[in-house]
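Down below is the structure, laid out as structure tokens.
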Amino acid sequence: MKKLIIVFCCFLMVLLQCNCERIIIVKAEGENLSLHAKGAVLLDGSSGRVLYGNTGSKERLPMASTTKIMTCIVTLEHGNIEELAEVSEKAQAMPKVHLTVQKGEHYRICDLLYSLMLESHNDSAVVIAEHIGGSMEGFAKLMNELAEKIGCKDTNFVTPNGLDDENHYTTAEELAKIMRYCIYISEKREEFLKITRTGSYSFTNYTSDGKQGQRNFTVNNKNAFLYMMDGALSGKTGFTSKAGYCYVGALERDGKCFIVALLACGWPGNKTWKWEDTRKLMEYGLSSFEYRVWYEPPKLPELAVFDGKSKEGKKTIRMQMEELISPKQRVTLSIKEPENSKGMLLRKEDKITMEMTLKEALIAPVEKGEKAGLVSYYLNDELLQSFPVTVNNSVEKVDFRWIVRRLVKLYFLQ
């Protein structure tokens, strides 16, 4: 009987171990949110600040077809979307989901982008990548260069379609940053939004001399979030057996923009989990955050400068004697205010504090624009932003000639 119980317990442990990856529910510390996604982030689209992240938000995970937002924006920035691209044998061999392109056919890059983003066709991604980058490897280099520019340190692209590869990964936080770049920062953001917001699109293939071919296609947008919530802006789904269901999407409402990124959000049988998590995070953002003024200009004192040449002017003999014994001047200070100082998304309980550190005094020579201190703003004791305090005017250092000239003026020309 004891042996039977031990065998049963071992079997139960193995069963739980095999399925634990499929039933992850993560509770975020400090917030009453329960999410299915292993990695989840809510980002402020305006500032790029993470408003919410669960315990897996910074973990490197496969991203499946959410990869294609990077494929799309790189193509828009580097290619001519009116050009024709020829289908290779490699592109034709891509697994489902695919457009079923055939080797030797030609397609407009523009049409392939709709195929890529609306129905997530893997073969279209390879046709685009080989045409823009010269090869999949060349295109991956462009993707990684842009990721580095955006500030992604835990992201690496190998494929343009997101098919599983151990070296192809990102984090929920960095995926949200990439989406922010696509819809707010890139010079091609309007083109990106136009493609990803289109409901249905039809096109044909082409012959090598630019004439329309005989094959007709219609692709329909699979991003259900566009119809789930008012203000839904853009998004991209993804799924592979290794990555599970993934999603990245953006919403704009009441002057606020939120971006949600989800990685490893369930496996087959849990297809709706990504929509549940997306709605929960978006509603949390809409109800919990409001724009509040966070920046208050500091009152900056004047700062003493020792051993500096004094300015000419009417001064008493005593004042002039003091300057000769211990030359001391005063300079005004300033900081460069942030470009967007009107407000940021904050919760009612969030607290902004300011800390100013200044040098006690300066010693000449002092150059205009020289750093004299730092003003730092903290959000709930975490550094939000720092601004250098700089000197508004220059002060030259006292030299022998200056002392002689002042002595002559003081004793012989008074």
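Read-outs: derived from the displayed coordinates by stated rules, not from any lab. Just so it is clear, the structure is predicted and the values come from calculations on it, not from any experiment. Counting neighbours? That spans all protein chains shown, and the Cβs are built from the backbone with ideal geometry, glycine included.
What to note about this one:
- Among the GluC sites (Glu not before Pro) found in the range 149-206, those both in a DSSP coil and sparsely packed, with 16 or fewer other Cβ atoms within 10 Å of their Cβ, are 166, 187.
- Inter-centroid distance (Cα atoms) of the range 339-377 relative to the range 99-155, Å: 44
- Residues whose placed amide H lies under 5 Å from that of residue 266, excluding near-sequence neighbours: 38, 245
- Taking 22 Å as the limit for the C-alpha separation, the pairs 68/141; 38/194; 38/271; 336/368 exceed it in the case of 38/194.
- Normalised by 2.2 N^0.38 Å, with N the number of residues, the alpha-carbon radius of gyration of the range 213-312 equals 1.98.
- For the range 97-158, trypsin sites (Lys or Arg not before Pro) meeting the loop criterion (DSSP other than H, G, I, E, B) and having at most 12 other Cβ atoms within 10 Å: 103, 153.
- Placing a label point 7 Å from the Cα of residue 90 along the Cα-to-Cβ line, the residues of the range 105-149 whose backbone N sits under 14 Å from it are 123-142.
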